[in-house]
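These notes concern the structure reproduced below.
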């Protein structure tokens, strides 16, 4: 167990956040500050925030949709309703399961948080493309290969330098939880 915790800690310490607009790379702590600032701006502007992912990343996306709404006081939406997902998958194909609903719902200035361990899932990449077309901001959370397609396509990109799903997903979840907890501690919780 100590080896696992050491590996997880080492991966966290080597996680980077890339701000594509400013062409800057931040280490973990500084990157968290920039992500909190971005989400704070979106909260202040009442922007809509969408979280997407597949598998374990879908569970993180769904969890964060609830936490950022309740604890962060933000306007969040889940794209995981069974009827909507199966309709989109059936009518447009699984590669469009997020892109099509986002095409209907996203507004200029909204935020898409795309979580993908590999950064190669076509349905995630298609959603990112729609978000850019709509004028939304995109934050990606990826791992595995550093130059994966999602990692190079967001406005801000979180990269976890590991090829183990469990560790990558744990760091993604930890970072998002830290961000919403910072916002909650600063602003309080709406009950």
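The values are calculated or read from the model by the stated rules, or taken from the named source; none is laboratory data. These numbers were taken from a predicted model, which means no experiment stands behind them. Neighbour counts are summed over all protein chains in view; Cβ atoms, including those assigned to glycine, are modelled from backbone coordinates with ideal geometry.
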Those residues of region 47-88 which are touching a strand residue (DSSP E or B) at 6+ places or on another chain (Cβ under 6 Å) and without any contact (Cβ under 8 Å) to a residue 24 or more places away in the chain amount to 65, 69
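Condition check ((1) more than 15 Å from the chain's Cα centre (by Cα); (2) within 21 Å of residue 152 (Cα to Cα)) across all residues:
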residue	(1), (2)
3	yes, no
7	yes, no
11	yes, yes
16	no, yes
19	no, yes
25	yes, yes
28	yes, yes
31	no, yes
39	no, yes
Notebook entry, point to check: What about residue 165, is it touching a helix residue (DSSP H, G or I) at 6+ places or on another chain (Cβ under 9 Å) and either modelled with pLDDT of 95 or more or surrounded by fewer than 18 Cβ atoms within 10 Å (Cβ to Cβ) (or both)?
Noted result: yes
Could you say whether any residue in region 80-95 is touching a helix residue (DSSP H, G or I) at 6+ places or on another chain (Cβ under 9 Å), crowded, with 21+ Cβ neighbours inside 10 Å and under 24 Å from residue 159 (Cβ atoms)? no
